[in-house]
Structure formats: structure tokens, C-alpha cells
Amino acid sequence: MTYLVGSENPSESAGIRFRKLLDASGILQLPGAHNGQAALQAKDAGFEALYLSGAAMTASMGLPDLGIITINEVTFFIRQIVRASGLPILVDGDTGYGETLNVMNMVRAFEEAGAGAVHLEDQLLPKKCGHLNDKKLASMDEMVMKVDAARRAARDIVIVARTDAVASEGMDGAVARAKRYVAAGADAIFPEALTTADMFHEFARRMPGVRLLANMTEFGRTPFFTAEEFENMGYRMIIWPVSSLRVANRAQADLYATLKRDGSTQAMVPRMQTREELYRTLRYHEYEALDRSIVETVLPALGR
């Protein structure tokens, strides 16, 4: 499939397709994909939907995750992932890029770019990763206004409300906020930075009938749980937000260290994606087949 052929593009909107996956049995697994290549690799591994992390986007741009990325920069990432994979994606909307009208503009821009879902968080700028210290929270009423604005702006896109309140307001505060966000129109709730299985269980118990998202990020406050374990705790979605970028970045660092040391990349070749693997992932020959003027590429026998 390539996005260039109109008949091969999905007839249903990304929001409708994401909602159907969310309503299906089993937990919806959303691996992070920080660019189009990662999206294709995740699709080939069998995933049906993806997550686009603000931290992964900013890190890939060489910037910290402090809310300094713009809506237009995010839509560039959305479009490349949607065009490459055709999969519905949940996109990190940070704090909504401002207040009521800004939130509505974000939702419209993301949906028009092809996003199937967006999550909005109750932090204040400059926002921080949910697993870091001293996060500043918006008031409950301010966040309720943002969720309501997102719902009014949405056509089919799924609205997920994230709360970072557990660290500063405790479980009672986080649950109280989540209930208000659902009443304001959130389709699902994302309780960030829960630190024990008991906390995940308690939050789910106190939010009956509400779709919940779990964040399984590495190097954070949440211990490792599997998708099945989160499902058994009562969660409907799980994200691994920055995993693809972390693996890719570590490999790139090893490459540059080897190149500086040896003056050659030869020692890294066994760890490289071959040219054949790259072209297969990109559906290279499918694109060639669309233009009869292009002679089908024959890969060199060596140096793939």
C-alpha cells in the first residue's frame, strides 16, 4: 500500500478507526513511532495503531520536552507517519498550545493532518515530562474548559485527558479531576506517573466504565508491567512513548563513536539495516510500479 493511490487509502477517518480499535476486545497497544520509518516497522511487526510522543518529537529535533514545539511542527510528524503507515495514531497534544481557542485550533489541525486521537494534559507551561519532579498544574476548572473546547472542536478524533495530579494532589485529587474531565467530554483518561500496581488498580476501580490509558515509559516512576498485566488492572490502552527513539539514538551514538575511532563503518555493518531491508520496509518497488518510466531497481550484490 502507498498513500499515492487514492483507492488504497482508508475510507473511514482516523478517528473512527481508532475508536473501533479502542472498542474492540483486548488492550490497544500503541508503540511510539517517532518518524515514518519507525511507523512502517511497527506496522510490519503487527501493530494496528501508534503513538506520537511530544518527547520523542522534540528529542529527534535536538530539543528538550518543555512545551516549545509548535503545532505546525507536530502536524509535519503526523502527516509523515500517517502517509507512511496508514495507521491511526494517538498524538501528544501537551497542554493544548494555549487556552480555549488554541486548544480548538490544535484539535482541528491534528485531525486534518490525520490523527485518530489526541491527549491533553493538565500541566502549566513550561510543562515537563510526567515522570519528573515539581510539575505545575492548571486548576481543575481551567482544564475542564480545555477538555470542553477539545470536544467541541473534534469531529471524529478521540479526546484523551491526561492528569498529572497524583504527585501533588494524591489519588483523591487525580480521581476528582478525571471525573470532571470525563463529564466535560473526554473519551478516555490518562493517569500519569502512577508508581505501583496498587495505584493502577485503585485508579481503575474508582473510574468504573471509563477507558483508561497506561504509560509504560522506561526510566520513569512506573515499574515495568506487560500489556496483559495492564489489561488485567483495568486499562484499555498502553503506550511505549519514546522506546523507538531511545533504541535508535543509542545505535546512532555507537555508530558515531565507532566511525570516529576506526575511520570506517565496517564494524557496524552487522548492526545495520541492509539496503534490501530498507527498500522492503519503504515499499520501494510498489512506488516504482506506479511510474512506468522508472526502471525497476536491481540491488547491488555487495554493499547492501
**Report entry** In segment 232-249, residue surrounded by the fewest Cβ atoms within 10 Å (Cβ to Cβ) [restricted to those that are touching a residue at least 60 places away in the same chain (Cβ under 8 Å) and of a type in the set (A, V, I, L, M, F, W, C)]
**Finding:** A248
Requested in this report: Of the conditions (1) within 22 Å of A84 (Cα to Cα); (2) at pLDDT 95 or above; (3) exposed (fewer than 13 other Cβ atoms within 10 Å of the Cβ), T297 clears all except one; give me its number.
Outcome: (2)
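When residues of segment 1-27 are filtered for being of a type outside the set (G, A, S) and either modelled with pLDDT under 95 or open to solvent by 70 Å² or more (accessible area, probe 1.4 Å) (or both), how many remain?
Step one: of segment 1-27, the residues of a type outside the set (G, A, S) are 1-5, 8-10, 12, 16-23, 27.
Now restrict to residues that are either modelled with pLDDT under 95 or open to solvent by 70 Å² or more (accessible area, probe 1.4 Å) (or both): 1-5, 8-10, 12, 20, 23.
Residues flagged as of a type outside the set (G, A, S) and either modelled with pLDDT under 95 or open to solvent by 70 Å² or more (accessible area, probe 1.4 Å) (or both) within segment 1-27 amount to 11.
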Report task. State all residues of segment 28-55 that are surrounded by fewer than 22 Cβ atoms within 10 Å (Cβ to Cβ) and assigned to a loop (DSSP other than H, G, I, E, B); if no residue qualifies, say none. Result -> N35, A45, G46, F47, E48
Query - Residue that is surrounded by the fewest Cβ atoms within 10 Å (Cβ to Cβ), among those in segment 165-186 that are touching a residue at least 40 places away in the same chain (Cβ under 8 Å) and outside any helix (DSSP H, G or I) - result: A184
Report summary line: Okay, helices (runs of 4 or more DSSP H) sitting entirely in segment 206-304 with 1 or more residues that are of a type in the set (S, T, Y), I get 243-262, 275-282, 284-289
Query - Long-range neighbours under 9 Å by Cβ, at least six apart or interchain, first residue in contact (Cβ under 8 Å) with a residue 40 or more places away in the chain and closer than 18 Å to L50 by Cβ within segment 216-230, second open to solvent by 40 Å² or more (accessible area, probe 1.4 Å) and outside any loop (DSSP other than H, G, I, E, B) - result: T217/W240; A227/Q29
Query raised in the report: Can you name the number of the only condition in (1) under 13 Å from the mean Cα position of the chain (by Cα); (2) not in a helix (DSSP H, G or I) that T58 fails?
Result: (2)
Query raised in the report: Does segment 250-262 contain any residue that is within 28 Å of V82 (Cα to Cα) and in contact (Cβ under 8 Å) with a residue 12 or more places away in the chain?
Result: yes
Requested in this report: Within segment 61-94, work out how many residues are in a loop (DSSP other than H, G, I, E, B), at pLDDT 95 or above and among the β-branched types (V, I, T).
Outcome: 1
Report task. Search segment 65-78 for residues that are in contact (Cβ under 8 Å) with a residue 24 or more places away in the chain and pair each with any residue that is of a type in the set (V, I, T) and in a helix (DSSP H, G or I) when their beta-carbon atoms are under 7 Å apart and the residues are at least 6 apart or on different chains. Result -> D65/T58; I69/T58
Requested in this report: Output the residues belonging to segment 24-60 that are touching a strand residue (DSSP E or B) at 6+ places or on another chain (Cβ under 9 Å) and among the charged types (D, E, K, R).
Outcome: K43, E48
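Taking the condition of being more than 22 Å from A115 (Cα to Cα) and part of a loop (DSSP other than H, G, I, E, B), how many residues in segment 187-205 meet it? Spell out the reasoning first.
The first filter runs over segment 187-205 and keeps only residues more than 22 Å from A115 (Cα to Cα), leaving 193-205.
If we keep only those that are part of a loop (DSSP other than H, G, I, E, B) too, we end up with 193-196.
Residues flagged as more than 22 Å from A115 (Cα to Cα) and part of a loop (DSSP other than H, G, I, E, B) within segment 187-205 amount to 4.
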Query - Criterion violated by P208 - all others in (1) exposed (fewer than 12 other Cβ atoms within 10 Å of the Cβ); (2) touching a helix residue (DSSP H, G or I) at 6+ places or on another chain (Cβ under 9 Å) satisfied - result: (2)
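Which residue out of E229, E288, E202 is open to solvent by 70 Å² or more (accessible area, probe 1.4 Å) and more than 20 Å from the chain's Cα centre (by Cα)?
Values: E288 fails: open to solvent by 70 Å² or more (accessible area, probe 1.4 Å); E202 fails: open to solvent by 70 Å² or more (accessible area, probe 1.4 Å).
Only one candidate qualifies: E229.
The values are calculated or read from the model by the stated rules, or taken from the named source; none is laboratory data. Keep in mind that this is a model prediction, so the values were computed, not measured. Reconstructed Cβ throughout: ideal geometry from the backbone, glycine too, with neighbour counts over all protein chains shown. SASA here: full protein model, heavy atoms, side chains in, ligands and nucleic acids out. Shrake-Rupley method; radii C 1.70, N 1.55, O 1.52, S 1.80 Å.
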